[in-house]
1. Give, in nm to one decimal, the length gained when the segment between A:ALA91 and A:ASP336 is fully stretched (0.36 nm per residue of separation minus the Cα-Cα distance).
2. If you add up the charges near B:ASP138, with Lys and Arg at +1 and Asp and Glu at -1, over every other residue whose beta carbon is less than 14 angstrom from its beta carbon, what do you get?
3. Considering the zone a paramagnetic label at A:SER285 would reach in this model (a point 7 Å from Cα along the Cα-to-Cβ line), which residues of region A:157-191 have amide N under 20 Å from it?
4. Report the paramagnetic label zone for B:ALA156: residues of region B:163-182 whose backbone N is under 13 Å from a point 7 Å from Cα along the Cα-to-Cβ axis.
5. Within 10 Å of each residue's Cβ, count the other Cβ atoms and sort A:ARG278, A:ARG430 from fewest upward.
6. Just from its helices, what would the mean residue ellipticity at 222 nm be for chain B, if runs of 4 or more DSSP H residues each count -39500 (n - 2.57) and the sum is divided by every residue, rounded to the nearest 500 deg cm²/dmol?
7. If each residue of separation counts as 0.36 nm, what is the full-extension length gain between A:ASP239 and A:THR396 once their alpha-carbon separation is subtracted?
8. Let me check against my output: what whole-number percent is the relative contact order of region A:382-466, with C-alpha pairs under 8 Å and at least 6 apart?
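Rule-based calculations on the coordinates, nothing more; no lab input. Just so it is clear, the model here is predicted, and its values are computed rather than measured. When we count neighbours, we look across all protein chains shown, and the Cβ atoms used for this are built from the backbone with ideal geometry, even at glycine.
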Amino acid sequence: MTDAPRTIAEKIWDRHVVRRRQGEPDLLYVDLHLVHEVTSPQAFEGLRLAGRGVRRPDLTLATMDHNVPTTDRRLPVADELSARQMDALAANCAQFGVRLFDRGSDRQGIVHMIGPEQGLTQPGMTIVCGDSHTSTHGAFGALAFGIGTSQVEHVLAAQTLSQSRPGLMAVEVDGELPLGVTAKDLILRVVAEIGTDGGAGHVIEYRGEAVGSLSMEGRMTVCNMSIEAGARAGLVAPDETTFAYLKGRPRAPQGAAWDAALEDWRGLVTDEGARFDRVVRLDASMFEPTVTWGTTPAMSAPVTGRVPRPEDTRDPEQARRALAYMGLAGGEAVTDIRIDRVFLGSCTNARIEDLRAAAEIVAGGRVADDVRAMVVPGSYPVKLQAESEGLHEVFTAAGFEWREPGCSMCLGMNPDILAPGERCASTSNRNFEGRQGRGGRTHLVSPEMAAAAALAGRFVDCRGAR
Amino acid sequence: MRPVRVVTGSMAPLDRGDIDTDQIMPKQFLKRIERTGFGQFVFHDWRAQPDFVLNDERYAGASVLVTGPNFGCGSSREHAPWGLQQYGFEAIVAPSFADIFRGNCATVGLLCVELAPGPVERLIELARRDPAARLRIDLPRQTLEARGSDAPGGPALVREAFSVDAFTKRLLLEGLDEIALTLVDDRAIAGYEQRRPDWLPTTG
Ligand code: SF4
């Protein structure tokens, strides 16, 4: 290795190179491979056809999340195809010796929740999963990529992944986030600033005061949506906040191993003088609660602002199409947009901190008459924690549905979907056409904004709703 | 994977940017555990609109999709390239592609050709004006040529060189199984495993 100053991403990369050949991508070792039911069946089938096994079942962990119904878990799954896909995962895990957090497990949850919760996601690791939001794990100072099913098969067989070296990008967010402005608003602003492909080919390191003062939950929200800016991965330097979060988790190192790990983790900083290919600087003190108005996560406006008119955007044609899909004219005040549904969930914003923040706004209030609102905790541990704090009662007393954990209406592979034309305030990460149900209209917001919208029946500034 | 060398045929113009994999292969079809049979579902929701390009018979047999920037963004679902390929597309031409999508295409043998926005626009115009216009993409030589249907032997109306990274090119040309290629280095992998710090977590 070299003594030249390096970024965190380069340090992690360099220590995972198994094979480097001229004119080929590097072969990287994978420290943790997460698996879910949707992107793995064809990979396991590929192993069977080729007569291959799983090289390191002890570095592999599976969960069920995308298809799981969020109603009573003891009932059989009504959707036959969903049931078949989940059965296939269970059978594959049994055959290949992979640990599975099955439906009914008290550790089951969305695939990007379980790693951090168990303490499996640690600084300096390489983590992959057949899912684009694997970037979430970068919050711990890990290098985490989403991959396709053929690559899932590759990692199962060889515990490695061939990857070309990414570009290095720094997003530096200085200043302090104003009260009531969250990690979600920060990342929506970043995506709006650099665009849906602004991070393409790059690993983004989020830096600066506003990032450093985020909790681990907030950092996960930020890194989660790196892919919405097209980035290969996003990460944050590990620090005391990271170490405190990890300490004592079931799979975190203990005793002497903890000390050894900590010494290693403290070296995961971007060296003075290390070079980024691109640097973007933003001032957090100017950020506001944000609402997306269009069909890409880059199309957003502050809650105090207006939906833009197509002619005032960079790509009027695209904006016109997006507004037509969203049933908006352009020019209306964000707070004039009325909603039908509220979804508080997903790997972006369904951690305990998110539920606490939303509950604080909901407490003592009442969901607006014509609004249907639901809370879907991201994992079983989150659900249990929330219930032990009485949050579920706050939500149900206000008229929210309190559901079982899973991906749910983030993508609607289970029965939780929008009807055509329904408008939803959602804490998830994608407002693509039809994402939450064919013809459904999704506005991405923070948990606080979703909670405030549920009570008001339209978007309102959550800073006045507390 | 079947090797890819030269793709010839007509084009389907889909002039939109940021087309995400949720549009290419909507979620309801991701429940299938097979690797085939996805062709009929490609762009499923958009196909409900009568004026959608793939509903236009003149583009029925197109083997190349010509489209806008950041194609294939969003979800990592490989079902999207499977669907495009099984529908009959052998190549996609766009100003840019999303990273994961491009990687998935390389492993399944669907050729992604990146051209500057200008030439892509000219191809889209040509395909609109002359749906039977012929495109020829030559991977070994890394060139793309389009000719009008009235002059198939005539001079190219659009002629561009494109770049592709050397490894992807080799994968495509030889139709290689990347896993077999990696497993050749089994000893290097085992050697690496010996050196990993023992405090790293396991799931067992
Ligand atoms: S919650 Fe949504 S974005 Fe996250 S893994 Fe599930 S489907 Fe994907």
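1. Contour length minus Cα-Cα distance gives 83.2 nm.
2. Charge balance in the 14 Å sphere: +4.
3. So the set is A:172-183, A:185-187, A:189-190.
4. B:163
5. By the 10 Å Cβ count, ascending, the order reads A:ARG278, A:ARG430.
6. So the calculated ellipticity at 222 nm is -8500 deg cm²/dmol.
7. On the way: separation 157, 0.36 × 157 = 56.52 nm, distance 3.70 nm.
Using 0.36 nm per residue and subtracting the Cα-Cα distance, I get 52.8 nm.
8. 18
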